[in-house]
Amino acid sequence: MHTTITAYLSLGSNLGNKLNNLQNAVFRLGEAVGSISRLSPVYKSASWGFEADPFLNACVALETTLEPQELLDAILGIEAAMGRERQAEKGYQSRTIDIDLLYYGKTILDTPVLTVPHPQLHKRKFVLKPLADIAPQLYHPKLGRDTRNLLQECADKSQPLKLTKPLYDTREMLFADQDFIAIEGNIGAGKTSLARKIAERYNGKLVLERFADNPFLPKFYEDPGRYAFPLEMSFLADRYQQFSDDTSQFDLFKNFMVSDYDIYKSLIFARITLPAEEFELYRKVFDFMYREVRKPGVYIYLYQPVDRLLQNIKKRGRDYEQRIQPDYLEKINRSYLEFIKSFPPGRSLILDLSPYDFVKEEADFQAVVARIQEHLIREEDHPS
């Protein structure tokens, strides 16, 4: 039986979405190396030893049963999977990810490929600052100082700045911190399927739109002019009641809420289906209701081209949907995209699903989740 050792690692990135690079490294370490026990805040610092864009840095403590060389091999594998090629580097260079083994328990090791503790850690504030947050009393077995002493004595003149946005141990914790996610899309875009999979995978409370029992829907597709107004009013009343009830009731056993619609869709569809005078009347009622409902913290719009929407609609086989015309779907797409332009920056994401079949392919689902994660994990404009 292998002994579990606490290892401390330093993470750094100064290319691309640097914060998300650190987050991906944390997730990969948790999956391939051991369980994350402590995770520092993120710091921004000037490049060390060469001229380049600033780095983001963090430290992580993890419990692992891997031997030092096995751990190093796993780290190198993660770096390679994230696009780093150590063998091509000469001196210091920019990189998407840099993972250094700082400590491996109390082990002292010096081989041609691995030195533990890391020989440079006491010289670098961008390592010592985050390390001091998670292990202030961690004792350096060769230098005879703990992390706080090493930081106080460090000759490095740089001043790493702490960011307010955190990293997460797991994706479950990332989604739990979002509170409420609305997944929207055109008819047949896959919003219900994606909302369901995210809720199941990451322990979310699922809020689904009820539509099958609406008596006006089949009639609307037969005679839009006659049934548009009662259809839109009935949808609005039902969405308002359900949305108010479901989003106001917390589930103590769920981490967050995810819905396959936002009540604002009522206005988007009504603008398309109603003549001007009826729409103005409808909007007055809508505005009153919309002020009262809970707003999503994150709004994700699933974009699919019209031809694929029609394929999905045909595949799911609802009789009353088979008469939907391409130009109607195109109008919906345009209206949603126009609405998203008015959303606060950072709270909305347009996700093109054309390359993915996330229902059947796990790899495609993971790719979609990675796109959502990348949107959620971004460096803020100002450090704390």
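The values are calculated or read from the model by the stated rules, or taken from the named source; none is laboratory data. The shown structure was predicted, so the numbers you read here are calculated from the model rather than taken from an experiment. Cβ sites come from the backbone with ideal geometry, for glycine too, and all protein chains shown count toward neighbours.
Numerical summary
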{"read-out": "Any hit, the stretch 95-105, residues being on the phi < 0 side of the Ramachandran plot, in the same structural domain as Pro54 (by TED's automatic domain parsing) and loosely packed, with under 14 Cβ neighbours inside 10 Å", "value": "no"}
{"read-out": "Residue match in the stretch 322-333 (condition: more than 21 Å from Ile272 (Cα to Cα) and exposed (fewer than 12 other Cβ atoms within 10 Å of the Cβ))", "value": "no"}
{"read-out": "Residues (part of a helix (DSSP H, G or I), within 23 Å of Ser335 (Cβ to Cβ) and among the charged types (D, E, K, R)) located in the stretch 190-213", "value": "Lys191"}
{"read-out": "Verdict on Leu281 being at pLDDT below 90 and surrounded by fewer than 19 Cβ atoms within 10 Å (Cβ to Cβ)", "value": "no"}
{"read-out": "Among (1) in contact with a helix residue (DSSP H, G or I) (Cβ under 8 Å, 6 or more places away or on another chain); (2) surrounded by 12 or more Cβ atoms within 10 Å (Cβ to Cβ) - the single one Gly297 does not satisfy", "value": "(1)"}
{"read-out": "Single match in Met233, Met257, Met289 (criterion: modelled with pLDDT of 90 or more and touching a strand residue (DSSP E or B) at 6+ places or on another chain (Cβ under 6 Å))", "value": "Met257"}
{"read-out": "Selected residue (only one of Val285, Val293 is of a type in the set (A, V, I, L, M) and within 28 Å of the chain's Cα centre (by Cα))", "value": "Val293"}
{"read-out": "Test result for Pro344, modelled with pLDDT of 85 or more, more than 20 Å from Asp260 (Cβ to Cβ), surrounded by fewer than 15 Cβ atoms within 10 Å (Cβ to Cβ) and not small (Gly, Ala, Ser)", "value": "no"}
{"read-out": "Considering residues of the stretch 131-160 that are touching a residue at least 60 places away in the same chain (Cβ under 8 Å) and small (Gly, Ala, Ser) only, the residue surrounded by the most Cβ atoms within 10 Å (Cβ to Cβ)", "value": "Ala135"}
{"read-out": "Of residues in the stretch 338-373 being basic (Lys, Arg) and assigned to a loop (DSSP other than H, G, I, E, B), the one farthest from Lys197 (Cα to Cα)", "value": "Arg347"}
{"read-out": "Top-ranked residue of the stretch 161-171 - restricted to ones that are among the charged types (D, E, K, R) and surrounded by 15 or more Cβ atoms within 10 Å (Cβ to Cβ), ranked as nearest to Pro41 (Cα to Cα)", "value": "Lys165"}
{"read-out": "3 or more residues over 29 Å from the mean Cα position of the chain (by Cα): qualifying helices (runs of 4 or more DSSP H) within the stretch 83-189", "value": "147-153"}
{"read-out": "Some residue of the stretch 39-57 being assigned to a loop (DSSP other than H, G, I, E, B), modelled with pLDDT under 95, buried (at least 16 other Cβ atoms within 10 Å of the Cβ) and hydroxyl-bearing (Ser, Thr, Tyr)", "value": "yes"}
{"read-out": "Members of the stretch 197-230 that are touching a strand residue (DSSP E or B) at 6+ places or on another chain (Cβ under 9 Å) and in contact (Cβ under 8 Å) with a residue 12 or more places away in the chain", "value": "Ile198, Ala199, Tyr202, Asn203, Gly204, Lys205, Leu206, Val207, Leu208, Glu209"}
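Every residue, every condition in (1) of a type in the set (Val, Ile, Thr); (2) outside the structural domain of Asp262 (by TED's automatic domain parsing), yes or no:
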{"residue": "Ser158", "(1), (2)": "no, yes"}
{"residue": "Gly185", "(1), (2)": "no, no"}
{"residue": "Thr192", "(1), (2)": "yes, no"}
{"residue": "Ile198", "(1), (2)": "yes, no"}
{"residue": "Asn203", "(1), (2)": "no, no"}
{"residue": "Val207", "(1), (2)": "yes, no"}
{"residue": "Arg210", "(1), (2)": "no, no"}
{"residue": "Phe216", "(1), (2)": "no, no"}
